[in-house]
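Some notes on the structure that comes next.
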Amino acid sequence: MNAAAADKPLFEYVLRLGDNCLILSQRVAEWCGHGPVLEEDIALTNVALDLLGQARLWLTYAGEVEGRGRDEDRLAYLRDAGEFRNVLLVEQPNGDFGMTMARQFYFDAWHYFLLRDLRNSRDERVAGIAEKAFKEVSYHLQRSTDWLIRLGDGTPESHERMQRALDDLWMYTGELFQMDAVDTDISERGVGIDLEGLRGPWMEHVTKTLTEATLAVPGESWMQRGGKQGVHSESLGYLLAEMQFLQRAYPGAQW
Amino acid sequence: MPPEEREFQEKIDAGIKIEPKDWMPEAYRKTLIRQISQHAHSEIVGQLPEGNWITRAPTLKRKAILLAKVQDEAGHGLYLYGAAETLGVSREQMIEDLLAGRAKYSSVFNYPTLTWADMGAIGWLVDGAAIINQIPLCRCSYGPYARGMVRICKEENFHQRQGFDIMLTLSRGTPEQKAMAQDALNRWWWPSVMMHGPSDAESKHSAQSMQWKIKLFSNDELRQKFIDQTALQAEYLGLTVPDPDLKWNPERGHYDFGRIDWDEFNNVIRGNGSCNRDRLRTRVQAHQAGAWVRGGAAAYARKQASREAA
Amino acid sequence: MPENRPAERQPNSAADESGTDWPLWEIFIRTQNGLAHKHAGSLHAPDAEMALKNARDVYTRRNEGVSIWVVRSSDITASSPRDKEILFEPANSKVYRYPGFYDVPEEVKKL
């Protein structure tokens with residue numbers, strides 16, 4: 001059996017985890033110097049740094065699994081949009097602070113429950129990275145939950161902005177729980193987990209938080225998908241153009 | 001000299017810290033507020049020229065380091081605003097002054113960051129100059145300021161080292177990278193040299209500040225120290241400092257250097273730098289866009305307080 | 001007697017009532033093997049929960065702290081410098097308590 005081919009689902013799976021963190025980190029990092037208050041500037045940057053650290057761990061492992069000599073930078077800087085495996089949710093533009101926190105909240109809640117289970121992965125490396133990331137993401141979830149509550153139950157303006165953001169981003173949440181062939185393969189091996197199983201706890205946390213925040217849980221909606229398969233929104237192209245520019249303009253240079 | 005002022009000066013001379021509730025001359029308080037808040041504003045505005053390159057950092061490691069550095073700067077601004085607040089001015093007031101263009105900040109941040117090499121140059125030169133200024137301040141007379149500076153200095157060393165490391169990597173890289181590094185040095189050298197301010201003969205506040213130990217070395221002394229240490233480093237990098245008059249003087253035991261164009265400095269300080277308007281506009285926009293966020297959180301806190309009281 | 005006295009400021013009472021100002025909090029951190037909480041600085045936050053989180057982000061970015069206390073600056077009562085003589089120093093005549101007033105021989109300067 002060709003060892004490389006057998007690992008392809010694992011490569012895909014780990015890449016998805018890494019790309020989620022990388023793209024979301026990139027988005028959050030855009031806030032640096034533009035936050036609503038100095039303390040929040042520092043806090044957001046912490047989140048971006050945490051996610052970047054996690055991305056580096058995942059991408060490095062993905063490259064090893066692939067076995068073609070691609071390290072974290074080759075993967076981050078030299079793939080085009082079609083090869084990125086992040087969910088659509090994380091690549092959505094920052095918008096205002098409400099949009100950013102809604103995106104963060106939806107993702108953090110999912111990320112939290114995902115990592116909680118992933119710590120028990122049969123793959124030692126995956127379990128190890130998940131263990132480390134879980135501590136950081138627990139804090140991220142506390143933070144985004146706190147913000148949802150404060151802005152939802154704040155002023156009429158903050159309430160309206162929060163609600164609008166939650167409504168706008170709702171259609172990207174479905175993808176978080178969709179299992180495809182890769183997810184099924186990885187889950188059956190005991191390396192990954194059943195994403196459908198996360199829906200319950202996620203929905204419970206979201207409902208509880210939004211209720212406390214006096215916000216409405218968005219209604220049923222058609223869910224967007226495709227990010228995990230490399231079919232992205234238009235904004236990813238621009239994000240990557242900015243992120244990858246130097247490596248593309250000076251191929252082969254050391255930095 | 002009235003007795004309280006004599007006691008105050010004796011404390012300073014003995015190296016005893018002045019704390020927030022101690023008696024102090026009004027001029028001491030005002031000068032400190034001005035100096036500390038200017039320093040704080042510089043850190044905050046300073047996030048922008050570097051923040052510019054976070055999304056474009058050429059490797060993930062460099063991205064992480066730059067993120068951490070810019071975050072540190074925000075933290076330093078925060079420590080400094082905190083120190084200034086102990087003197088009776090609020091953060092809101094200071095921010096208002098900055099955004100209205102009434103407050104000064106280090107003019108070095110009004111220059112644009114045009115290439116990745118600028119990240120190296122800023123860490124190496126601008127932070128290098130800042131460190132020389134800041135270390136003595138750890139011994140300044142005002143307690144909260146001195147303690148804030150100790151915290152800041154601990155974190156600042158990593159900033160300069162990472163800047164130098166970028167320059168080193170570039171100067172050992174491709175011809176284009178080396179040219180990029182040289183170009184950045186060409187643009188950032190003089191602004192960094194000017195960071196220490198005009199010669200003390202021209203500087204209004206120097207003498208009194210020295211007596212009050214708010215300023216511990218003259219601008220010229222600090223500038224000379226910076227040039228001496230940096231000229232050697234430039235040599236090591238294989239780069240040329242854009243000053244044809246820069247030359248080691250064995251009699252003085254220091255580097256001689258060329259005439260500084262204080263005209264440009266004064267213009268940039270007055271707001272005519274190429275980025276002055278942009279930097280402030282960005283800060284104003286961020287502040288305004290954030291008003292509903294601050295207001296929302298404050299409203300929630302009030303509601304919670306009355307709910308708990310009920 | 002704490003080495004770093006919490007900062008005193010003019011009352012910021014306007015902050016709590018006005019729309020967007022966040023009150024000031026003093027932050028105390030006890031490091032991993034530390035014996036007591038030490039004053040680390042101050043920051044602005046809308047409430048105690050956010051103050052704690054912000055303190056973690058601002059003052060423990062280098063994993064410097066484990067236990068964090070936050071106190072509203074306006075809730076701190078500090079002694080006035082003038083009280084110093086009564087609270088902490090014996091009457092002026094008893095200066096012999098202070099090492100500086102002993103004449104230490106050159107040989108024993110390290111005392």
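Quick notes
- Residues in the stretch B:248-290 that are in a helix (DSSP H, G or I) and more than 14 Å from every other protein chain (Cβ to nearest Cβ): 13 in all.
- Residues of the stretch B:210-229 classified as polar (S, T, N, Q), in a helix (DSSP H, G or I) and either under 15 Å from residue B:260 (Cβ atoms) or under 18 Å from the mean Cα position of the chain (by Cα) (or both), total: 2
- Of the residues A:214, A:209, the single one that is surrounded by fewer than 18 Cβ atoms within 10 Å (Cβ to Cβ) and either within 14 Å of chain B (Cβ to nearest Cβ) or on the phi < 0 side of the Ramachandran plot (or both) is A:214.
- Some residue of the stretch B:230-247 being modelled with pLDDT under 95, of a type in the set (Asp, Glu), in a loop (DSSP other than H, G, I, E, B) and more than 23 Å from residue B:97 (Cα to Cα): no
- Test: residue in the stretch A:159-172 that is touching a residue at least 40 places away in the same chain (Cβ under 8 Å), open to solvent by less than 70 Å² (accessible area, probe 1.4 Å), of a type outside the set (A, V, I, L, M, F, W, C) and closer than 30 Å to residue A:75 by Cβ: yes
- With respect to being open to solvent by less than 20 Å² (accessible area, probe 1.4 Å), modelled with pLDDT of 95 or more, more than 10 Å from every other protein chain (Cβ to nearest Cβ) and more than 20 Å from residue B:297 (Cα to Cα), residue A:24 fits the description.
- Here B:111, B:105 are screened, and the one residue that is in contact with a Pro (Cβ under 6 Å, 6 or more places away or on another chain), more than 16 Å from residue A:255 (Cβ to Cβ) and open to solvent by 10 Å² or more (accessible area, probe 1.4 Å) is B:111.
- Cβ-Cβ contacts under 7 Å between residues 6 or more apart (or on different chains), taken from a first residue in the stretch B:289-308 that is over 11 Å from residue A:149 (Cα atoms) to a second residue that is open to solvent by 10 Å² or more (accessible area, probe 1.4 Å) and part of a helix (DSSP H, G or I), are listed as B:292/A:157; B:292/A:161.
- Selection of the stretch A:72-103 for residues being open to solvent by 10 Å² or more (accessible area, probe 1.4 Å), part of a helix (DSSP H, G or I) and within 14 Å of chain B (Cβ to nearest Cβ) yields A:72, A:73, A:74, A:99.
- Flag for residue B:60 being crowded, with 21+ Cβ neighbours inside 10 Å, facing chain C (nearest Cβ under 10 Å) and of a type in the set (A, V, I, L, M, F, W, C): no
- Exactly one residue out of A:43, A:62 is aliphatic (A, V, I, L, M), closer than 24 Å to residue C:56 by Cα and at pLDDT 95 or above, and it is A:43.
- Residue check, residue B:161 within 14 Å of chain A (Cβ to nearest Cβ) and either buried (at least 20 other Cβ atoms within 10 Å of the Cβ) or among the charged types (D, E, K, R) (or both): no
- When residues of the stretch A:218-254 are limited to those that are open to solvent by less than 50 Å² (accessible area, probe 1.4 Å) and of a type in the set (A, V, I, L, M, F, W, C), the one nearest to residue A:154 (Cα to Cα): A:223
- Within the stretch B:80-107, residues that are within 11 Å of another protein chain (Cβ to nearest Cβ) and more than 14 Å from residue C:25 (Cα to Cα) sit with their Cβ atoms under 6 Å from residues that are open to solvent by less than 50 Å² (accessible area, probe 1.4 Å) and assigned to a loop (DSSP other than H, G, I, E, B), at 6+ positions apart or across chains, in these pairs: B:92/C:21.
- Output for the stretch B:63-79, where each listed residue is more than 19 Å from residue A:36 (Cβ to Cβ), within 11 Å of chain C (Cβ to nearest Cβ) and out of contact with any strand residue (DSSP E or B) (no Cβ under 8 Å at 6 or more places or on another chain): B:68, B:72, B:76
The values are calculated or read from the model by the stated rules, or taken from the named source; none is laboratory data. Quantities reported herein were computed from a predicted structural model and do not represent experimental measurements. Quick reminder, even Gly has a Cβ in these numbers, built from the backbone with ideal geometry, and neighbours come from all protein chains shown. In case anyone asks, the SASA skips ligands and DNA or RNA and just uses the protein heavy atoms, side chains included. Shrake-Rupley method; radii C 1.70, N 1.55, O 1.52, S 1.80 Å.
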